[in-house]
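The values are calculated or read from the model by the stated rules, or taken from the named source; none is laboratory data. What you see is a predicted model; the values in this text were computed from it and never measured. Keep in mind that these areas ignore ligands, DNA and RNA; they rest on the heavy atoms of the full protein, side chains included. Shrake-Rupley method; radii C 1.70, N 1.55, O 1.52, S 1.80 Å.
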Amino acid sequence: MAQGSDSNDASYRSPSPGGRQSSSDDVKKVMRREKNRIAAQKSRMRQTQKADSLHLESESLEKENAALRKEVKQLTEEAKYLSSVLSSHEPQCAGLSPTAPGLPYPPRHQHHAAYHQHVAVPHYQH
């Protein structure tokens with residue numbers, strides 16, 4: 001309902017038996033319309049606040065998503081590098097047995113840590 005339409009409605013009077021009754025009905029109508037106007041205004045305000053909140057949450061999630069994608073990319077690059085270091089070192093490693101079926105890497109031997117101290121792997125900073 002448009003704001004200016006209230007003035008047109010005030011001139012309308014419903015047909016009622018007594019003049020006093022009509023005046024009372026008009027007052028009730030005006031009060032009801034005022035309450036309705038205020039309720040609609042509050043509803044629109046809540047709707048705007050909710051939209052603003054969702055917009056801020058969306059922006060926050062997009063930033064988080066971008067940061068996570070960047071981290072995935074870095075970790076993927078690190079995994080490729082470490083894989084290539086391992087691949088290039090495997091021929092030099094006499095202490096490793098062939099990988100058992102179902103294991104993604106060979107079993108560790110007790111002498112393994114001391115034997116492989118010569119492999120230098122840089123630490124990555126995130």
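State the number of residues belonging to segment 1-28 that are modelled with pLDDT of 90 or more and open to solvent by 100 Å² or more (accessible area, probe 1.4 Å). Qualifying residue count, segment 1-28: 1. Annotation for segment 29-37: no member residue is open to solvent by 90 Å² or more (accessible area, probe 1.4 Å) and modelled with pLDDT under 95.
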